[in-house]
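All of the numbers you see were taken from the coordinates with simple rules; none came from a lab. As the structure is a computational prediction, the values presented were derived from the model and not from experiment. Backbone-built Cβ (ideal geometry, glycine too); neighbour counts: all protein chains shown.
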Amino acid sequence: MRRLFLFVYSDALGTRDQIKQAVESNQYVLTWRYDLPHCFYLVAEVSARTLAESIKQALPNGYFVISRADDDFWGWNYPETWHLFENKYLKED
């Protein structure tokens with residue numbers, strides 16, 4: 001089952017481009033999006049622990065948290081982001 005995760009990280013983990021590269025090459029990440037500083041939205045079919053351990057291998061320095069965001073979420077964001085939260089896939093253009 002697809003799950004949505006918030007991936008929030010410190011500056012020490014790497015630049016946004018380095019983190020983006022690690023996310024894109026991660027075997028467990030099905031799709032992703034970002035629009036807030038220090039935060040990616042990841043869709044995967046594994047646990048937060050499995051996802052975090054795989055990211056730690058690619059980015060061994062710095063700190064981060066991965067947390068599920070499937071059930072209860074609210075805020076103000078782009079329509080494309082809410083589509084990802086609600087459907088667990090990116091909105092097609």
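Out of segment 5-25, which residues are under 18 Å from Ser67 (Cα atoms) and among the acidic types (Asp, Glu)?
None - no residue of segment 5-25 is under 18 Å from Ser67 (Cα atoms) and among the acidic types (Asp, Glu), so the list stays empty.
How about segment 30-48: which of its residues are more than 16 Å from Met1 (Cβ to Cβ) and in contact with a strand residue (DSSP E or B) (Cβ under 8 Å, 6 or more places away or on another chain)? Spell out the reasoning first.
Here is the first cut: in segment 30-48, the residues more than 16 Å from Met1 (Cβ to Cβ) are 32-41.
Correct list: Trp32, Arg33, Tyr34, His38, Cys39, Phe40, Tyr41.
Residues to consider are Asp72, Asp35; find the one that is loosely packed, with under 13 Cβ neighbours inside 10 Å, within 26 Å of Lys91 (Cβ to Cβ), of a type outside the set (Lys, Arg) and within 12 Å of the chain's Cα centre (by Cα). Break it down into steps so the answer makes sense when it comes.
On the way: Asp72 fails: within 12 Å of the chain's Cα centre (by Cα).
Only one candidate qualifies: Asp35.
Surrounded by fewer than 17 Cβ atoms within 10 Å (Cβ to Cβ), touching a residue at least 24 places away in the same chain (Cβ under 8 Å) and more than 17 Å from Glu80 (Cβ to Cβ): is that true of Ser10 in this structure? Walk me through it before giving the result.
Values: surrounded by fewer than 17 Cβ atoms within 10 Å (Cβ to Cβ): yes; touching a residue at least 24 places away in the same chain (Cβ under 8 Å): yes; more than 17 Å from Glu80 (Cβ to Cβ): yes.
Judged against the criteria, Ser10 is a match.
Give me the residue from segment 46-69 that is part of a loop (DSSP other than H, G, I, E, B) and surrounded by 13 or more Cβ atoms within 10 Å (Cβ to Cβ) and, out of that set, farthest from the chain's Cα centre (by Cα). Lay out the reasoning, then the answer.
Narrowing segment 46-69 to residues part of a loop (DSSP other than H, G, I, E, B): 46-47, 59-63, 69.
Applying the additional criterion that residues be surrounded by 13 or more Cβ atoms within 10 Å (Cβ to Cβ) yields 46-47, 59, 62, 69.
On the way: Val46: 12, Ser47: 12, Leu59: 14, Gly62: 16, Ala69: 10 Å.
Going through the qualifying residues, I end up with Gly62.
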